[in-house]
Amino acid sequence: MEADAAVASNPPSSQDIAAIQDEDVLNKMLDKAVDFEERKMLRAALRELLKTKRDKREKDRGSRQEDLKGLNQRGQPKPKTPVSPIQMSFNGPPKTTSSSDTSVRSPTAAAPNTKSVKQMLLDWCRAKTEPYEGVTIKNFSASWSDGIAFCALVHRFFPDAFEYSTLNPNNRRDNFELAFTTAEKLANCPPLLDVEDLLRMAEPDWKCVYTYIQEFYRCLVEKGLVKTKKRT
């Protein structure tokens, strides 16, 4: 009892927390922490640890991509692009085209209905973030520029991950890093967006944001947090 009291009265310092390189240990400490400042330091340490792991994965991924690029340049077949669950849920399963009907199908009919998918995904984002103060999603560009929309979308599915009410739209870097690291940790969503690139732009490239949200949606589907519509 005396030892527990001593630990409670002497919480770990920022240096002690920063020295911990075990994600599970930090998570357990965060679960038990009740002091706001201590929780803030623990979350910062977790973000830094996840960033280090992410950078290592990105470095390894870059090496693999260079190897694949070299193989493709030597005439090896390129891997086929898989159909994402977002396309499956909004447009149904991909249809195969036989040689008998290609002559009667127009180029317009053969093209995927990307505009419809984009609009449906935008509507989904609006519906999920509608209860959140400070979030008004009108597009896949300016509406995401301060990182708050990303945080709101992630928080909707993982409400215990962080305290949304404490976020500041002026802290763009913190918001982006919090949203992406949380999505990566809890949804296994790869950080397809680069924080530094986002900070350099007044408005992010809508195609990049759209791609990331598609991937986040796909990861939620895999975890069973989003139900897709099955078509017969």
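The table for this structure:
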{"quantity": "Selection of trypsin sites (Lys or Arg not before Pro), segment 121-177, meeting DSSP coil and at most 11 other Cβ within 10 Å", "calculated": "Lys138"}
{"quantity": "Mean accessible surface per residue for segment 171-232, computed with a 1.4 Å probe while every protein chain stays in place, in Å²", "calculated": "55"}
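The values are calculated or read from the model by the stated rules, or taken from the named source; none is laboratory data. The model shown is predicted, which means the values in this text are computed figures rather than measured ones. With ideal geometry, Cβ positions are generated from the backbone for all residues, glycine too; neighbour counts draw on all protein chains shown. Side chains included, ligands, DNA and RNA excluded: accessible areas come from the protein's heavy atoms. Shrake-Rupley method; radii C 1.70, N 1.55, O 1.52, S 1.80 Å.
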